[in-house]
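The values are calculated or read from the model by the stated rules, or taken from the named source; none is laboratory data. Note that the coordinates shown come from a computational prediction; the quantities given were computed from them, not determined experimentally. Glycine gets a Cβ as well: all are built from the backbone with ideal geometry, and neighbour counts include every protein chain shown. Surface accessibility is based on the protein's heavy atoms, side chains included, excluding ligands, DNA and RNA. Shrake-Rupley method; radii C 1.70, N 1.55, O 1.52, S 1.80 Å.
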Amino acid sequence: MSVPASWGQGRTVFGGLSAALLNHAMVSEQADARPMRVQNIQFIGPLAVDEPFNVQVVHLRAGKNVTQLQAQLVQKGKIAVQAMAAFGADRESKACYQAAAVTAHSPPKKPNWIPQIPKVTPKFHRYIDLRIDEGGYPFTGKSDPYYRGWMRFSQPPQHMTDAHILALIDVWPPATLQLLKWPAPASTLSWNVELTRPHPVINPSDWLAYECKTRQAGGGYTHAEASIYAPDGQLLGLSRQTITVFD
């Protein structure tokens, strides 16, 4: 398969879409419908747009409750992106705890993100609605690398899957880019996502809430963690990223 240039991000395919493709491939390879619990993605090299690549899935282990798979996007004989994921069925347990829903603002009526600007705004943002409640735009010299806001697809998909949620989580720029006063490239090195179970049913047109905190940045690397919430404030997922900044 190949990905059109409209889903590009710099010199590569948008990372969230790569992660979503890997997730979809692994889900399709399962013999049952065990839900994803965690997926770890390694961005090894650029995945070029408008050029064919292969999707390879390896079955690592299928236990009584947990299935573990590995998937790779291979282009011109080289691995560009790879992921490992664990899919786990529910089982009886006395360890049961549900965090209280966060007190969130009402979902917005419209986005407030930067409009499409050639060579400035990533091309794939045309497919996404973003709303910032706290935080700033990249390269604006802010003092606190933090985001709180909302996200959704501009054109809702027919069904909302885990792959769609993965793609949405990655649409936000690294929060540390707010600290810079001039443009500089950045890319994700490693990304770990956990989806909570059970979680509310997500409608394709729903806004999902997003909060990202930068834990440390220095030496060209950033460590950030984010929480993703359903519209009612229930925790939907946790995300951690190691990001390289080339300034």
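The table for this structure:
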read-out: Extended-chain gain in nm, criterion 0.36 nm per residue less alpha-carbon gap, D133 and A89; value: 12.2 nm
read-out: log₁₀ of I(q)/I(0) at q = 0.13, 0.17 Å⁻¹ - the chain, Debye sum with one point per alpha carbon; value: -0.83, -1.44
read-out: Cα-centred dipole magnitude for segment 99-200, charges only on beta-carbon of K, R (+1) and D, E (-1), debye, nearest 20; value: 380
read-out: Largest-first principal axis extents, alpha carbons of segment 1-122, Å; value: 54, 46, 20
read-out: Extension gain, Q158 back to R61 (0.36 nm per residue minus Cα-Cα distance, nm); value: 31.8 nm
read-out: Segment 165-222: trypsin sites (Lys or Arg not before Pro) in DSSP coil with no more than 15 other Cβ atoms inside 10 Å; value: K181
read-out: Solvent-accessible area per residue, Å², over segment 93-247 with all protein chains present [probe radius 1.4 Å]; value: 55
read-out: Förster radius 30 Å - calculated FRET efficiency between R240 and D50 (Cβ-Cβ, nearest 0.05); value: 0.45
read-out: Mean projected area (nm²) of the alpha-carbon convex hull when segment 104-169 is viewed from all directions; value: 5.6
read-out: Residue-by-residue Karplus 3J(HN,Hα) for segment 230-239, coefficients 6.51, -1.76, 1.60, Hz, glycine and proline x; value: 5, x, 8, x, 6, 5, 10, x, 10, 9
read-out: Candidate aspartates and glutamates for bridging to K181, where Cα separation is under 15 Å - those fewer than 8 sequence places away on the same chain excluded; value: D144, D247
read-out: Accessible-area composition of the chain, carbon plus sulfur, in percent [1.4 Å probe]; value: 53
read-out: Selected from G16, Q158, V102, residue furthest toward positive end of dipole (the chain; charges at beta carbon); value: G16
read-out: Lysine pairs with alpha-carbon atoms under 26 Å apart, segment 76-154, spacing 8 or more or separate chains; value: 8
read-out: Kirkwood-type radius of segment 53-138, with distances r between different C-alpha atoms, in Å; value: 18.3
read-out: Percentage relative contact order, the chain, counting C-alpha pairs under 8 Å, at least six apart; value: 19
read-out: Segment 10-55 - Debye-derived log10 I(q)/I(0), Cα point model, q = 0.29 Å⁻¹; value: -1.21
read-out: Residue (of G219, P173, P115) at the positive-pole extreme of the chain, dipole from beta-carbon charges; value: G219
